[in-house]
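Before anything else, here's the structure in question.
The values are calculated or read from the model by the stated rules, or taken from the named source; none is laboratory data. Since this is a predicted model, take the numbers as computed values, not measurements. In this analysis, Cβ positions are derived from the backbone assuming ideal geometry, glycine residues included, and neighbour counts consider all displayed protein chains. Areas reflect the complete protein model, heavy atoms only, side chains present, ligands, DNA and RNA absent. Shrake-Rupley method; radii C 1.70, N 1.55, O 1.52, S 1.80 Å.
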Amino acid sequence: MIYIRALFSLSFMLFCLYLSIDYFQLLHQKHDYIVVDSIINIWAVVSGTFVGGLFFVYYMMMVFSSKIPSVYLNRLGLILIFIASPLITLYINVKITSLYSSYTECNDLRELSSRYSSRTYAISPELCEPLKT
């Protein structure tokens, strides 16, 4: 059963890492238009990557009967989730905002719901029209 939990944790971490790659691509490549998720969504993906990794390490410690107390792993988890994740999230959000500050917001394409929100930005307002369909 521990192997299944470890496999699930690893797959969860890799899935969150896959989702976070989109944010890092926005930091290094210019696009005609971008869809920027809310800061909460970015934080969830970054934290999910850390949580999945921590659980994978925890289950591997159980498999290999590690003598390291899990208290250290708990402290590391708290530091990663409540200090490192928000700092990485703020860095991503501020960097994306500054890189694309010259873009115009496509107000008709804004999404807002209880689970997901995003804003769409384009180089010019003319590019917003084809995106509506």
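Using Cα pairs closer than 8 Å and at least 6 residues apart in sequence, work out the relative contact order for the range 4-133, in percent.
33
While we're here: So, by mean Cβ neighbours within 10 angstrom, what's the order for 80-90, 66-76 with the highest one leading?
Per-residue Cβ counts within 10 Å, averaged per peptide and sorted highest first, yield 80-90, 66-76.
Here's another thing I want to ask about it. Scan around Cys106 for amide H atoms under 5 Å from its own, H built in the peptide plane at 1.01 Å from N, and keep only partners 5 or more places away or cross-chain.
Correct list: Thr120, Tyr121, Ala122.
Let me ask something else. Could you tell me what percent of the accessible area of the range 26-133 is made up of carbon and sulfur, with a 1.4 Å probe and every protein chain present?
64
Which ³J(HN,Hα) values in Hz, rounded to whole numbers, follow from the phi angles of the range 93-101 under the Karplus curve 6.51 cos²θ - 1.76 cosθ + 1.60, where θ = phi - 60° and Gly and Pro get x?
5, 5, 5, 5, 4, 6, 5, 10, 5
Sticking with this structure for a sec: Within 10 Å, count the other beta carbons around each residue, average over each peptide in 55-64, 96-105, and list them highest first.
Ranking the peptides 55-64, 96-105 by packing returns 55-64, 96-105.
Would you calculate a helix-derived [θ] at 222 nm for the chain, using -39,500 (n - 2.57) for each DSSP H run of n ≥ 4 and dividing by the full residue count, to the nearest 500?
Estimated from H runs of four or more residues: -20000 deg cm²/dmol.
What label, among [x] 1.11; [y] 0.99; [z] 0.95, belongs to Rg/Rh (Cα atoms, Kirkwood Rh) computed from the structure on display?
Correct label, based on the coordinates given: [x].
Something else about it: Specify which residue in the list Asn107, Phe24, Met13 is farthest towards the positive end of the charge dipole of the chain, using unit charges on the beta carbon of Lys, Arg (+1) and Asp, Glu (-1), about the Cα centre.
The one lying farthest along the dipole's positive direction is Met13.
Something else now. What does the net charge come to around Ile123 if you take all other residues with beta carbon closer than 10 Å to its beta carbon, with K and R at +1 and D and E at -1?
Once all neighbours under 10 Å are counted, the net charge is -1.
Excluding ligands, DNA and RNA, what is the solvent-accessible area per residue of the range 63-105 at a probe of 1.4 Å, expressed in Å²?
Per-residue value: 69 Å².
Next question, about the same structure. Quote the charge dipole size of the range 55-116 about the Cα centre in Debye, to the nearest 20; the model charges only the Cβ of Lys and Arg (+1) and of Asp and Glu (-1).
Result for the range 55-116 is approximately 360 debye, rounded to the nearest 20.
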